[in-house]
Structure formats: structure tokens, C-alpha cells
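Undergrad: The structure's right below; bear with me while I get my questions together.
The values are calculated or read from the model by the stated rules, or taken from the named source; none is laboratory data. It should be emphasised that the depicted structure is a prediction, and the values quoted were computed from it without experimental measurement. Neighbour counts run over all protein chains shown; Cβ positions are idealised from the backbone, glycine included.
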Amino acid sequence: MTVGKRKNTGLSKSLILKGMQCPKALWLKKNPPDFELPPQPDLEAKFAAGTAVGILAQQLFPGGTEVPFEGLSFPAQLARTKKLIEKGAMVIYEASFSRGGIFVKVDILVRDGASWQIHEVKMGTSVKEVNLDDVAVQHYVLNASGLDISKSFLVHIDNSYVRQGAIEVNRLFHSEEITAEALARQQAMAELVEQLRETLRGAGEPDIDIGPWCTSPYECDYIPYCWQHIPEDSIFDLRGKGIDKFAFFRQGIVRLEDLPLDELNGAQRFQAEATLGQTDVTDVAAIRVFLDTLWYPLCHLDFETFDTPIPPFDGTRPYQKIPFQYSLHIQESEGAEPEHFEYLAQPNIDPRRELAEKLIAEISEEACVLTYNMAFEKSVLRELAELFPDLADDLHKRVDNVRDLMMPFKKRHIYRWPMRGSYSIKEVLPALVPDLFYEGMEIADGMAAMQAYHGMCALEPGEELDRLRQAMLEYCRLDTLAMVRILRVLNHLSVL
């Protein structure tokens with residue numbers, strides 16, 4: 001008799017949570033498909049930030065001993081945890097347990113008399129449902145290991161905290177007891193685990209189609225693989241809120257051309273009809289009205305910002321948007337060639353004062369400041385004015401002169417069907433200026449620019465830092481050059 005290969009049904013906390021979101025995702029994690037998934041640098045950056053938050057949170061319970069993940073096998077981690085407990089350790093960081101084929105690590109395990117407390121650290125700013133499931137899995141395994149859990153806490157970031165001097169961990173973090181919620185999930189845990197194991201024992205990939213679970217509570221790694229059967233110009237290309245797309249999908253309606261248009265709201269119907277008919281809109285009168293709101297000198301401005309859960313400088317909050325770069329194309333008169341100015345902060349210093357002073361020097365107070373999505377640039381300028389009272393008058397004058405190049409596209413005074421219902425500059429630019437594009441650039445969007453800045457902060461001076469810095473300057477320069485070229489198209493259309 002031939003014995004088949006035994007299925008790997010071992011689980012961890014993260015695998016259980018993945019399986020709770022979608023059993024197919026769990027199966028694919030254990031049985032990777034013959035499919036090249038795109039890299040996810042943003043996810044890697046998020047993991048790195050989460051690690052830094054977890055390490056800092058250990059200071060809430062100083063004097064503990066860590067059971068490291070790197071450099072120790074699973075059995076060694078389990079053995080070290082057991083030894084620490086037996087020796088009377090009061091606090092253990094990354095304590096490791098395994099029961100019933102489930103491996104978990106507890107961020108902070110604190111002795112509470114004859115019992116123990118679980119402190120799970122998250123870099124979010126509130127308790128989410130998935131966090132309760134996370135702690136419930138830990139409860140389940142630790143109880144099965146013979147530990148009595150007296151209380152469980154979710155430790156998350158308090159985004160009202162403002163840093164002044166050294167980080168005050170007791171103010172940066174907020175703990176919420178979630179014992180009752182975690183215990184309430186225990187009754188279903190054994191059945192859930194068995195269902196997930198049954199999925200892994202299956203002969204092949206589970207027959208689970210796409211659904212809302214693809215993005216909730218997290219965006220799944222396997223979307224590029226699982227969505228291969230969705231054609232171009234599908235109902236999922238519709239922008240904004242409106243129809244329940246998955247409700248139509250379950251009825252077998254996938255292509256945009258099969259969708260009953262009278263079911264759509266105005267914005268989605270506009271997009272669908274323009275896409276299906278490959279029709280464009282050019283409201284010359286409305287474009288002229290918009291252009292009449294602009295004047296010269298005209299300064300095309302774009303900021304890049306970064307945020308982090310741990311505020312890096314005095315006067316900053318968790319996740320506050322901190323400007324570290326700008327690009328500026330200035331046209332002194334209509335038709336004049338723009339002159340380019342730029343700023344990119346040196347890593348690991350607070351850039352805001354230098355950036356604000358340089359910007360004030362380069363943008364005259366009578367100039368028109370053109371942005372793309374002015375709410376963002378205005379918020380940056382206003383925060384700088386609040387931070388530096390001596391510069392506030394100058395900064396507020398620039399705020400008053402801000403205009404928004406996005407408005408003609410948002411109001412659909414000009415629309416091209418390849419924009420696919422979007423008025424993002426990333427969609428507008430190729431539709432209006434096809435010879436100017438972001439594709440192929442090392443840094444091609446704001447998220448990548450933020451990650452690059454964090455990368456700069458981790459590098460020593462040298463060729464790699466210089467190369468990354470140049471890539472960031474090229475990306476930000478393209479953002480304002482794109483505005484120059486788009487405005488040129490609008491001026492041309494206005495005289496037709």
C-alpha cells in the first residue's frame with residue numbers, strides 16, 4: 001500500500017487569523033501556487049514599524065527577558081519560555097507556546113500572582129475585532145498549556161500624545177482590558193481550528209471565489225492570483241460608493257457592459273457610459289472659468305510627507321504627516337519656461353523649520369500656488385504655521401493663494417475615458433500627457449517616497465544613500481512637472 005505524503009496542518013496565530021479571513025488564503029500560504037506574486041515593500045515597511053513599536057512597548061514592563069524568534073528554533077523557544085516560567089520570571093517578552101499543533105508568541109507576558117496577564121501590542125490607535133481574535137488564540141493555546149490567564153490587554157498607540165523630549169512610553173501607549181471579549185471567543189475556537197485543519201487536509205485548493213473577505217480585515221497577499229479571472233472593464237473598476245459589486249458578481253454579472261446602467265448612481269453611470277462608449281468630455285467654458293482663477297507668477301507645488309507610529313521629533317504626534325520634501329516649478333508669466341526648485345531633508349533631523357523658511361523664500365507672497373488636491377498642501381502649510389508662530393503670517397499668505405488643479409477633473413469639466421473614473425494625477429497624466437509617465441521609476445508614488453525616506457534614515461553616508469536621494473528628487477520633480485504639462489493642455493483646450 002502506498003502511503004501519501006502527510007499533510008502539514010501545523011498552525012500559528014497568524015495562520016489562524018489568515019484562515020479566519022479566508023480558508024483559501026491559509027491553504028495557499030501552506031501550498032504556494034505556481035504564480036509570481038508582486039513584491040510588497042509597503043508590507044515589509046509595516047512589519048518593520050510594528051517590530052519597533054513592540055520593542056518600545058516592552059518598556060511598559062521593564063526588566064523582562066526576551067525569547068527571540070531569530071536565531072532560535074521553535075523547540076528552543078518553547079524550552080527557553082518554560083525555563084523562564086519555572087525560574088520565576090516576572091515578565092517575558094515574546095514568550096513562546098505550542099499546544100495541539102498551534103504555535104504562538106505573546107508580546108508581553110506578565111506574572112500576576114499564580115496567574116499571568118497577556119499584553120498584546122499593536123501599532124493601531126484603537127481595538128479592532130481582529131485584535132480580539134488575535135488575543136483569543138493566545139488564550140486558547142496558553143490555557144491548553146496549563147497557564148491560568150487572569151487578564152488580557154490590548155496595548156495600542158494613543159495618537160493624542162505629543163512628544164516633548166524623550167518618548168514617554170506610558171503616554172504613547174494606551175492599554176485596554178479585553179479579557180471578557182477574548183474569553184467569549186473561546187467556545188468556538190476548537191471547532192474553528194478543526195475546520196482550518198480540514199481545509200489543509202484537502203486534496204486541492206479550496207473552491208472559494210473572491211468576495212469582501214479579500215480586503216477585510218486586511219488586503220490579502222493572494223489577490224493577484226485569485227482575481228486572475230476578472231476581465232478588464234469589470235464592475236470592480238467602478239470608482240466610489242454605489243452598487244454592491246459582489247452582489248452583482250454573485251448573480252454572474254462581471255463585465256461592465258452587462259451591468260444595468262439604471263442601477264448606478266450618477267458618478268458610476270458616467271464612468272460606465274464613458275468607458276463603454278470610449279467617450280471624452282471637454283467643457284471649454286468651465287475650463288476657462290477655472291483658468292481665470294489663476295495668475296502669475298504661478299508656483300506648482302507638491303509636498304512629500306512621512307508618518308510613523310512613534311513620533312520622531314519634539315512637537316509631533318503619532319502618525320502626524322511630517323513634510324520632508326517638496327518640488328516647485330515656478331512660471332513667471334504665461335508661456336514662460338518653468339524654473340525648478342526643490343528641497344529634500346537630510347535624514348534623521350527635524351526638517352520642518354528649514355523647509356518652511358526655504359519655501360517662503362522661493363514662493364513670493366503675491367504668487368499663485370497651484371497644487372493637485374489642495375486640502376493636503378494647505379494642511380501641511382497650516383501645521384507649519386501653527387508650529388512656527390514667527391513664520392505664520394508668511395505661511396498663511398501662501399495658504400490664501402493656493403488653488404487646486406484637480407478641480408476641473410474632479411468636477412469632470414474635462415474627462416478622458418482611460419481615466420477610469422478617477423481624477424488622481426496618476427490617471428490624469430497618461431490620459432492627457434502620454435509622453436510623461438511614472439512607470440519604470442524606482443519611486444513612483446507617495447507611499448514609495450515615504451518608505452524611501454525611512455530607508456535614507458537607516459543608511460550610512462555613501463553611494464546607496466546618494467542613489468536613493470536622487471531617485472526621490474526625480475519622483476517629486478515629476479509630480480510638479482506633470483502639473484506644468486497638464487496646465488499646458490488646459491490652456492490649449494481653452495482656446496479651441
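Undergrad: From (1) surrounded by fewer than 20 Cβ atoms within 10 Å (Cβ to Cβ); (2) under 20 Å from the mean Cα position of the chain (by Cα); (3) touching a residue at least 40 places away in the same chain (Cβ under 8 Å), pick out the condition that doesn't hold for residue 449.
TA: Checking residue 449 against (1) surrounded by fewer than 20 Cβ atoms within 10 Å (Cβ to Cβ); (2) under 20 Å from the mean Cα position of the chain (by Cα); (3) touching a residue at least 40 places away in the same chain (Cβ under 8 Å), the one that fails is (1).
Undergrad: Test of understanding: among 238, 264, which residue is within 26 Å of the chain's Cα centre (by Cα), hydrophobic (A, V, I, L, M, F, W, C) and not assigned by TED's automatic domain parsing to the domain that holds residue 23?
TA: Answer to the check: 238.
Undergrad: Okay, moving on. Run residue 33 past the list (1) surrounded by 16 or more Cβ atoms within 10 Å (Cβ to Cβ); (2) over 25 Å from the mean Cα position of the chain (by Cα); (3) not acidic (Asp, Glu); (4) not in a helix (DSSP H, G or I) and report the number of the one that doesn't hold.
TA: (1) is the only condition that residue 33 fails.
Undergrad: Considering only residues of region 405-419 that are out of contact with any Leu (no Cβ under 8 Å at 6 or more places or on another chain) and of a type outside the set (A, V, I, L, M, F, W, C), which is nearest to residue 329 (Cα to Cα)? Write out each step before concluding.
TA: Of the residues in region 405-419, the ones out of contact with any Leu (no Cβ under 8 Å at 6 or more places or on another chain) are 406-407, 409-413, 415, 417-419.
Now drop any that are not of a type outside the set (A, V, I, L, M, F, W, C), which leaves 410-413, 415, 418.
Working: 410: 23, 411: 25, 412: 25, 413: 25, 415: 25, 418: 27 Å.
So, considering only residues that are out of contact with any Leu (no Cβ under 8 Å at 6 or more places or on another chain) and of a type outside the set (A, V, I, L, M, F, W, C), the one nearest to residue 329 (Cα to Cα) is 410.
Undergrad: Please verify whether region 301-323 includes one or more residues that are under 24 Å from the mean Cα position of the chain (by Cα), of a type in the set (Phe, Trp, Tyr), surrounded by fewer than 17 Cβ atoms within 10 Å (Cβ to Cβ) and outside the structural domain of residue 49 (by TED's automatic domain parsing).
TA: There is at least one residue in region 301-323 that is under 24 Å from the mean Cα position of the chain (by Cα), of a type in the set (Phe, Trp, Tyr), surrounded by fewer than 17 Cβ atoms within 10 Å (Cβ to Cβ) and outside the structural domain of residue 49 (by TED's automatic domain parsing).
Each row is one residue, and each column tells you yes or no for (1) among the small types (Gly, Ala, Ser); (2) in the same structural domain as residue 341 (by TED's automatic domain parsing); (3) surrounded by fewer than 18 Cβ atoms within 10 Å (Cβ to Cβ).
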| residue | (1), (2), (3) |
| --- | --- |
| 366 | no, yes, yes |
| 373 | no, yes, yes |
| 419 | no, yes, no |
| 424 | yes, yes, yes |
| 429 | no, yes, no |
| 435 | no, yes, yes |
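Undergrad: Which of the strands (runs of 3 or more DSSP E) contained wholly in region 294-347 include at least 2 residues that are hydroxyl-bearing (Ser, Thr, Tyr), under 15 Å from residue 371 (Cα atoms) and in contact with a strand residue (DSSP E or B) (Cβ under 8 Å, 6 or more places away or on another chain)? If you could, list the steps in order and put the result at the bottom.
TA: Numbers: elements: 298-306, 322-331, 339-344.
Answer list for region 294-347: 322-331.
Undergrad: Can you list residue pairs whose Cβ atoms sit under 7 Å apart, with the first residue in region 258-269 being closer than 15 Å to residue 236 by Cβ and the second being assigned to a helix (DSSP H, G or I)? Count only pairs 6 or more apart in sequence or on different chains.
TA: 259/235; 259/248; 259/272; 264/272
Undergrad: Show the residue pairs that are 6+ apart or on different chains and have beta-carbon atoms under 8 Å apart, the first residue being within region 153-178 and assigned to a loop (DSSP other than H, G, I, E, B) and modelled with pLDDT of 95 or more, the second being loosely packed, with under 13 Cβ neighbours inside 10 Å and of a type in the set (Val, Ile, Thr).
TA: Correct list of pairs: empty, since none qualify.
Undergrad: Search region 106-126 for residues being buried (at least 18 other Cβ atoms within 10 Å of the Cβ) and aliphatic (A, V, I, L, M), and hand back the single one that is nearest to the chain's Cα centre (by Cα). Show your work before the answer.
TA: Kept after step one, since they are buried (at least 18 other Cβ atoms within 10 Å of the Cβ), are these residues of region 106-126: 106-110, 116-123.
Now drop any that are not aliphatic (A, V, I, L, M), which leaves 106, 108-110, 118, 121, 123.
On the way: 106: 25, 108: 26, 109: 29, 110: 32, 118: 28, 121: 19, 123: 12 Å.
By that ranking, first place goes to 123.
Undergrad: Taking only region 58-78 into account, find how many residues are of a type in the set (A, V, I, L, M) and in contact with a helix residue (DSSP H, G or I) (Cβ under 8 Å, 6 or more places away or on another chain).
TA: Of the residues in that region, 3 qualify.
Undergrad: Take residue 54 and decide whether it is closer than 20 Å to residue 120 by Cα and at pLDDT 95 or above.
TA: yes
Undergrad: Within region 465-496, track down each residue that is out of contact with any helix residue (DSSP H, G or I) (no Cβ under 8 Å at 6 or more places or on another chain), assigned to a helix (DSSP H, G or I) and either of a type in the set (A, V, I, L, M) or surrounded by fewer than 20 Cβ atoms within 10 Å (Cβ to Cβ) (or both).
TA: At the first step, the residues of region 465-496 found to be out of contact with any helix residue (DSSP H, G or I) (no Cβ under 8 Å at 6 or more places or on another chain) are 466-467, 470, 473-474, 477-478, 480-481, 484, 487-488, 492, 495.
Filter once more, so that each one left must be assigned to a helix (DSSP H, G or I): 466-467, 470, 473-474, 477-478, 480-481, 484, 487-488, 492.
Correct list: 466, 467, 470, 473, 474, 477, 478, 481, 484, 487, 488, 492.
Undergrad: Filter region 168-206 for residues that are among the polar types (S, T, N, Q) and in contact with a Leu (Cβ under 8 Å, 6 or more places away or on another chain); which is farthest from residue 141 (Cα to Cα)? Talk me through it step by step, then tell me what you get.
TA: Here is the first cut: in region 168-206, the ones among the polar types (S, T, N, Q) are 170, 175, 179, 186-187, 195, 199.
Still in the list and also in contact with a Leu (Cβ under 8 Å, 6 or more places away or on another chain): 170, 175, 199.
Working: 170: 29, 175: 22, 199: 20 Å.
By that ranking, first place goes to 170.
Undergrad: Take the residues of region 167-183 that are surrounded by 12 or more Cβ atoms within 10 Å (Cβ to Cβ) and among the small types (Gly, Ala, Ser): which is farthest from residue 16 (Cα to Cα)?
TA: By that ranking, first place goes to 175.
Undergrad: So, one more: Of (1) in contact with a Gly (Cβ under 8 Å, 6 or more places away or on another chain); (2) of a type in the set (A, V, I, L, M, F, W, C); (3) assigned to a strand (DSSP E or B); (4) over 30 Å from residue 313 (Cβ atoms), residue 108 satisfies all except one. Which?
TA: Residue 108 satisfies all of (1) in contact with a Gly (Cβ under 8 Å, 6 or more places away or on another chain); (2) of a type in the set (A, V, I, L, M, F, W, C); (3) assigned to a strand (DSSP E or B); (4) over 30 Å from residue 313 (Cβ atoms) except (4).
Undergrad: Out of region 329-375, which residues are among the hydrophobic types (A, V, I, L, M, F, W, C) and touching a Cys at 6+ places or on another chain (Cβ under 6 Å)?
TA: 330, 363, 367, 369
Undergrad: Now for a different question. Give all pairs with beta carbons closer than 7 Å in which a residue from region 282-304 that is within 23 Å of residue 364 (Cβ to Cβ) meets a residue that is part of a loop (DSSP other than H, G, I, E, B) and of a type in the set (Val, Ile, Thr); count only pairs at least 6 apart in sequence or on separate chains.
TA: Correct list of pairs: 299/363.
Undergrad: Say whether the condition of being in a helix (DSSP H, G or I), more than 27 Å from the chain's Cα centre (by Cα) and buried (at least 18 other Cβ atoms within 10 Å of the Cβ) is met by at least one residue in region 409-417.
TA: no
Undergrad: I'm checking my understanding of the structure. Among residues of region 340-364 that are in contact with an Asp or Glu (Cβ under 8 Å, 6 or more places away or on another chain) and within 23 Å of residue 295 (Cβ to Cβ), which one is surrounded by the fewest Cβ atoms within 10 Å (Cβ to Cβ)?
TA: Restricting to residues being in contact with an Asp or Glu (Cβ under 8 Å, 6 or more places away or on another chain) and within 23 Å of residue 295 (Cβ to Cβ), the top hit is 360.
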